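Shown next, in structure tokens, is the structure this report addresses.
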Protein chains: 2
Amino acid sequence: MKTIADIARLSGVAKSTVSRYLNGGSVGELTKKKIERVIKETGYIPNTFAQSLKAKKPNIIGTIVPRLDSYATSQTLIGIDEQLRELNYQMLISNTSQDLDREIENIYTMARQKVAGIILLATQITDTHIEAFQQLQIPILLVGQQHQAVYSLIHNDFEAGYDIGKYVIAKGHRKIAYLGVTEQDIAVGVNRKKGFTKAIQEAGDCEVKYYETSFKMAEAIKRVPDIIDKFNPSILVCATDNIALGALKAAHLKGINVPDHLSITGFGGYEVTEIIHPSLTTVQFFYKEAGQVAAQSMVKLINSEELAPIILSKYKIIERESVDNLLSGKL
Amino acid sequence: MKTIADIARLSGVAKSTVSRYLNGGSVGELTKKKIERVIKETGYIPNTFAQSLKAKKPNIIGTIVPRLDSYATSQTLIGIDEQLRELNYQMLISNTSQDLDREIENIYTMARQKVAGIILLATQITDTHIEAFQQLQIPILLVGQQHQAVYSLIHNDFEAGYDIGKYVIAKGHRKIAYLGVTEQDIAVGVNRKKGFTKAIQEAGDCEVKYYETSFKMAEAIKRVPDIIDKFNPSILVCATDNIALGALKAAHLKGINVPDHLSITGFGGYEVTEIIHPSLTTVQFFYKEAGQVAAQSMVKLINSEELAPIILSKYKIIERESVDNLLSGKL
DNA sequence: CTGAAAGCGCTTACAG
DNA sequence: CTGAAAGCGCTTACAG
């Protein structure tokens, strides 16, 4: 590998001159030509490590994700990437495969790589996280979860849960099964459910049962038949689209018509929910936009600009075919 | 930010001693204790740039992907990531958003960051690519596409196309619409189709029409109705699962029963293809495994070990509900 | 416009 | 076991 010294020697100038050429400083025409030629010939590529060692202004932002194979993650990542590129930052992605220890580890590794800041697509925030954040002293932005100790961008899970609750009630459903996830996940497991519960309580006179399942389709497919047999709700309100998709499959497998005999709703707004038959009524979150906002916010943080400690991302209920209107008076 | 010099000063030893402590060299018990304390107190984190500048043995491997929101990409990435971690390498992901210029640019950027090698989830290989590869002189591995100038890991598109062709024929289909993609994509656009065509030719006496669409579901949804109206095939052989999913949706929209009135097949083995109704008969590729093999191969390349220029990844036809057996004699 | 020199934060022989 | 010194490849005042 060639170094700047080689280029300098080969073109008969000083290293500083080559460096200036590289960084757009003032260099004479002839000198420029010579250096240009040598660089082309040798295929010289500057060593970023050496550059960063001096420059000291890192322009790379780390993003830590719990998994790569999720619509929410991909979309958020795309949003972050797009925006960061526009703001002249580079993104470094690190995957934890849903392993919290690895997550902590990755936070330290990224800090060691001198990222300008870390965007964490969070699932749970533990004390170890907070400790790491405090120790590191670099800008941290949580996406998807919130914590008072650090800046957060969240989807408005509570409101969204509340709205879907109201919606379901408005459609005449009174016997409702809510398929949630672990309460360790504050955003999905707690807030969505809380919002939903509030709507139900306001409505009064409902029979609701809460179930807990995982984020995996397969588990929903297994759980749902039993729920139907034992509780027989008119609707399944699922805390994620994946769960809803699993529920839909389970219903098909049991020969239950959706929405005529059973309604189903999801959360997320995954692309496939529109493609399937029946298409799924769900709460759409704007992951890509959230990613963009996350990127912008992170850059603000880096530049020590003002930023609200909690940023709320929007959502929208998408009415499709999977919910029956019990009040429509049809047969 | 603290440096190794600070730690040395604070613990009253030389920088070299701290460095040795950090890298597991021989250090006296007392010295060790002192340094340990200071590091804990200060929250010192070594600067990787400075480390890399000396060490010279990069352990980070770059992966360039055309898009983040695809099943194939995520799965491959997961496989690469897992395997790399096991082999003590780190993965750096860079997304090009299907922009070839950006792809080239990213190749150079990664080289500048001194990655040990680059895994490229390729779509098209142009002369500019080859030029970059030659210029860079670092190990490159193509995944998904092949090119004689560089090592490649590909899915066996030709064979897979051939097999699905045989399968379709075996089910009695003779009036077939093949929905392919641009021939600029050698793997998907050319090889799958070629394999399929070979099977058809061997069967003889078939009416086949070839159509070209994009990788987007939405476009398939738009194209398919017209194909049905004008050609009315008994089966739609789609070059990707996304196209098949779009076709399925289009059929639903038209009120056409799949598979009774129209059969559909895909390529890919995406998770949703199993969940939807009817579930989709498709060719499953093993993306995650391919990613693992890619990671292993890359490390071999880095260590200058032997490697076959073309590695074939496996596939499997998954029979599900979307294909009707015209020969079964049912009504 | 150009060059010599110092320094970024670390590691690694080499002495002791 | 420990330290002084050189060096990794670059950048950046500072002179000229």
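The values are calculated or read from the model by the stated rules, or taken from the named source; none is laboratory data. Predicted model, so just to flag it, every value in this text is computed and none were measured. Cβ sites come from the backbone with ideal geometry, for glycine too, and all protein chains shown count toward neighbours. Areas reflect the complete protein model, heavy atoms only, side chains present, ligands, DNA and RNA absent. Shrake-Rupley method; radii C 1.70, N 1.55, O 1.52, S 1.80 Å.
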**OP:** Give the residues of region B:243-282 that are assigned to a loop (DSSP other than H, G, I, E, B) and of a type in the set (Asp, Glu), sorted by residue number.
**Re:** B:Asp260, B:Glu271
Original post:
From B:Ile275, B:Ile264, B:Ile256, which residue is free of Cβ contacts under 8 Å to residues at least 24 places away in the same chain and either not assigned by TED's automatic domain parsing to the domain that holds B:Ala199 or not polar (S, T, N, Q) (or both)?
Top reply: B:Ile275
**OP:** For region B:214-226, name all the residues that are of a type outside the set (Gly, Ala, Ser) and open to solvent by less than 10 Å² (accessible area, probe 1.4 Å).
**Re:** B:Val224
**OP:** Test A:Leu84 against the stated conditions and say whether it is facing chain B (nearest Cβ under 10 Å) and surrounded by 24 or more Cβ atoms within 10 Å (Cβ to Cβ).
**Re:** no
**OP:** Go through region B:49-72 and give me each residue that's crowded, with 22+ Cβ neighbours inside 10 Å, in contact with a strand residue (DSSP E or B) (Cβ under 8 Å, 6 or more places away or on another chain) and touching a residue at least 60 places away in the same chain (Cβ under 8 Å).
**Re:** B:Ile61, B:Ala72
Original post:
Yes or no: A:Gly195 at positive phi and either within 22 Å of the chain's Cα centre (by Cα) or not assigned by TED's automatic domain parsing to the domain that holds A:Gln146 (or both)?
Top reply: no
**OP:** Would you confirm whether any residue within region A:41-54 is within 8 Å of DNA strand D (Cβ to nearest atom) and aromatic (Phe, Trp, Tyr)?
**Re:** yes
**OP:** Starting from residues that are surrounded by 15 or more Cβ atoms within 10 Å (Cβ to Cβ) and near DNA strand C (Cβ under 7 Å from one of its atoms), keep the ones in region A:1-31 and report whichever is farthest from B:Gln134 (Cα to Cα).
**Re:** A:Val27
Subject >> Test result for B:Ala177, open to solvent by 30 Å² or more (accessible area, probe 1.4 Å) and among the aliphatic types (A, V, I, L, M) >> reply: no
Original post:
Filter region A:95-110 for residues that are in a helix (DSSP H, G or I) and free of Cβ contacts under 8 Å to residues at least 24 places away in the same chain; which is surrounded by the fewest Cβ atoms within 10 Å (Cβ to Cβ)?
Top reply: A:Asp101
Original post:
Could we say that A:Lys193 is among the charged types (D, E, K, R), within 19 Å of A:Gln145 (Cα to Cα) and open to solvent by 10 Å² or more (accessible area, probe 1.4 Å) here?
Top reply: yes
Original post:
When region B:272-322 is examined, which residues are found to be farther than 30 Å from B:Gln83 by Cβ and crowded, with 23+ Cβ neighbours inside 10 Å?
Top reply: B:Ile276, B:Thr281, B:Ser322
